[in-house]
Amino acid sequence: MGYSRSSIFRSFVVVVVVFVVLVVNVGNGQLVPALFIFGDSVVDVGNNNHRLTLVKANFPPYGRDFQNHYPTGRFCNGKLATDFIVEILGFTSYPPAYMDLKPRGKNLLNGTNFASAASGYLDATATLYNAVPLSHQLEYYKDCQNKLVETAGQSKAASIISDAIYIVTAGSSDFIQNFYINPLLNKVYTADKFSDLLLQRYSNFIQAWYVHLSKRILIFSNEQNLHALGARRIGVTTLPPMGCLPACITLFNPHSNECVSNFNNDAINFNAKLNATSQKLRQMLPGLNLVVLDIYQPLYDLVTKPQDYGFSEARKGCCGTGLVETAILCNKKSIGTCANATEYVFWDGLHPSEAANQVLANDLLAAGISLIS
């Protein structure tokens, strides 16, 4: 399959910006000292492996194209988008899963991954699936900070904390695995009001002031937050085109192969509010480099124009029938699992394939270049 001029141009832009940053940082090896990752299944590298939950991926065929063909707990056949970013940034190993390794000492120096599949901005979303809520992920990060000080000393630990990149990926589970299927929520909240609730939690997670956009006021929260713990370079991803995920089409638009338009509209609305909230946070905290990383448009392009990127299948995932399978439904006995996942945009019903993740990583890196330079 050939590639479109637009995809080639975007890849060229990524190569150029990375080259420039490499020249500026020549001799330093890693472009940043560490990477700390928070969120859900899109970035989980194994934190759910040791939890009593059905939302895990530490069994075949997950991981079949990863190192040693081993299932690590990643919801993918191979590398996640963050794995590709880690490699481009010059790291020789991936930030370990906090719950998997209980990192100590030098294991923490390059960062840690706290993400838990089925987690979201709402603690209640994680509770439904016994995942690790974002608030608890933040507590684990605080614990890691203490261990960093013990290992590297106060001065070096402070430098690592302030210069590290922090990635936050959440919100999809709040909608897909909670709001859309939970009458206790969708009978009380509209999707628009639910977005406001999620943005409140997002704002509290970043810092202690919640930006109330509609009333144009600030509401103080006494909860601990990422900024107060020293984070200064933060990248937060938008919601993807949720209505184009294979499982969502199968379950919510069964008589059509088209994306669920209202789900995509909910994502677009949320993303606009995420940008506005993030802008307010940047204005309030001048030292904060907070970048919104758009995942919606890149993934939407892959779904609607797969041939432009070398893919042949964007409606079905590779695993099983490709229509709904994810987590325990995607297993080594799933009938129909494809032989070559590089032709598929999605690996299972909800998550991109390694090949798609590589394309997405390039877009994310280009969008977040200010976090590096």
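The values are calculated or read from the model by the stated rules, or taken from the named source; none is laboratory data. Computed from a predicted model, the values in this text were never measured in an experiment. Using ideal geometry, Cβ is built from the backbone for each residue, glycine included, and neighbour counts are taken over all protein chains shown.
Is it fair to say Ser334 is buried (at least 16 other Cβ atoms within 10 Å of the Cβ) and over 20 Å from the mean Cα position of the chain (by Cα)? Before you say what the answer is, go through the steps one by one.
Working: buried (at least 16 other Cβ atoms within 10 Å of the Cβ): yes; over 20 Å from the mean Cα position of the chain (by Cα): yes.
Considered against the rule, which asks whether it is buried (at least 16 other Cβ atoms within 10 Å of the Cβ) and over 20 Å from the mean Cα position of the chain (by Cα), Ser334 comes out as yes.
Collect the residues in segment 95-125 that are more than 15 Å from the chain's Cα centre (by Cα) and modelled with pLDDT of 95 or more, keeping them in residue-number order. So that I can check it myself, show each step before the final result.
Residues of segment 95-125 more than 15 Å from the chain's Cα centre (by Cα): 96, 98-111, 122-125.
Answer for segment 95-125, where residues must be more than 15 Å from the chain's Cα centre (by Cα) and modelled with pLDDT of 95 or more: Leu122, Asp123, Ala124, Thr125.
From Leu109, Leu134, grab the single residue that is among the hydrophobic types (A, V, I, L, M, F, W, C) and either over 30 Å from Phe263 (Cα atoms) or touching a Lys or Arg at 6+ places or on another chain (Cβ under 7 Å) (or both).
Leu109
Residues that are modelled with pLDDT of 95 or more: which helices (runs of 4 or more DSSP H) entirely in segment 262-373 hold 1 or more of them? Before the answer, list the steps.
On the way: elements: 296-304, 354-367, 369-372.
Passing ranges, in order: 296-304, 354-367.
It is to be established whether one or more residues within segment 110-133 are outside any helix (DSSP H, G or I), within 25 Å of Ile206 (Cα to Cα) and free of Cβ contacts under 8 Å to residues at least 40 places away in the same chain.
Yes, because at least one residue in segment 110-133 is outside any helix (DSSP H, G or I), within 25 Å of Ile206 (Cα to Cα) and free of Cβ contacts under 8 Å to residues at least 40 places away in the same chain.
Considering only residues of segment 225-240 that are out of contact with any Ser or Thr (no Cβ under 7 Å at 6 or more places or on another chain) and of a type in the set (A, V, I, L, M), which is surrounded by the most Cβ atoms within 10 Å (Cβ to Cβ)? First the steps, then the outcome.
Start the filter on segment 225-240 by keeping residues that are out of contact with any Ser or Thr (no Cβ under 7 Å at 6 or more places or on another chain), which leaves 225-229, 231, 233-235, 238.
Next cut, of a type in the set (A, V, I, L, M) only: 226, 228-229, 231, 234.
On the way: Leu226: 23, Ala228: 13, Leu229: 16, Ala231: 23, Ile234: 26.
By that ranking, first place goes to Ile234.
Please give the number of the condition Leu299 fails out of (1) in contact with a Ser or Thr (Cβ under 9 Å, 6 or more places away or on another chain); (2) surrounded by 18 or more Cβ atoms within 10 Å (Cβ to Cβ).
With (1) in contact with a Ser or Thr (Cβ under 9 Å, 6 or more places away or on another chain); (2) surrounded by 18 or more Cβ atoms within 10 Å (Cβ to Cβ) applied to Leu299, the lone miss is (1).
What pairs come out if I take residues in segment 59-85 that are within 14 Å of Ala97 (Cα to Cα) and touching a residue at least 12 places away in the same chain (Cβ under 8 Å) and pair them with residues that are part of a loop (DSSP other than H, G, I, E, B) and among the basic types (Lys, Arg) whose C-beta lies under 7 Å away, six or more apart or interchain?
Sorted first by the residue in segment 59-85, then by its partner, the pairs are Gly73/Lys56; Leu80/Arg74.
Only one of (1) buried (at least 24 other Cβ atoms within 10 Å of the Cβ); (2) over 15 Å from the mean Cα position of the chain (by Cα); (3) not hydroxyl-bearing (Ser, Thr, Tyr) is not met by Leu52, so which one is it?
In the conditions (1) buried (at least 24 other Cβ atoms within 10 Å of the Cβ); (2) over 15 Å from the mean Cα position of the chain (by Cα); (3) not hydroxyl-bearing (Ser, Thr, Tyr), Leu52 misses (1) alone.
Working only within segment 50-67, note down all residues that are more than 19 Å from Thr342 (Cβ to Cβ) and at pLDDT below 95.
Across segment 50-67, the qualifying residues are His50, Arg51.
For every residue, the table says whether it meets (1) polar (S, T, N, Q); (2) in contact with a strand residue (DSSP E or B) (Cβ under 8 Å, 6 or more places away or on another chain); (3) not in a loop (DSSP other than H, G, I, E, B).
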| site | (1), (2), (3) |
| --- | --- |
| Ser135 | yes, no, yes |
| Leu138 | no, yes, yes |
| Ser155 | yes, no, yes |
| Asp196 | no, no, yes |
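Please give the number of the condition Ile328 fails out of (1) over 19 Å from Pro60 (Cβ atoms); (2) of a type in the set (Val, Ile, Thr); (3) surrounded by fewer than 21 Cβ atoms within 10 Å (Cβ to Cβ).
Just one mismatch for Ile328, condition (1).
Each row is one residue, and each column tells you yes or no for (1) of a type in the set (Asp, Glu); (2) at pLDDT below 95; (3) in a helix (DSSP H, G or I).
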{"site": "Ile8", "(1), (2), (3)": "no, yes, yes"}
{"site": "Val17", "(1), (2), (3)": "no, yes, yes"}
{"site": "Leu22", "(1), (2), (3)": "no, yes, yes"}
{"site": "Leu31", "(1), (2), (3)": "no, yes, no"}
{"site": "Ser41", "(1), (2), (3)": "no, no, no"}
{"site": "Asn48", "(1), (2), (3)": "no, no, no"}
{"site": "Gly90", "(1), (2), (3)": "no, yes, no"}
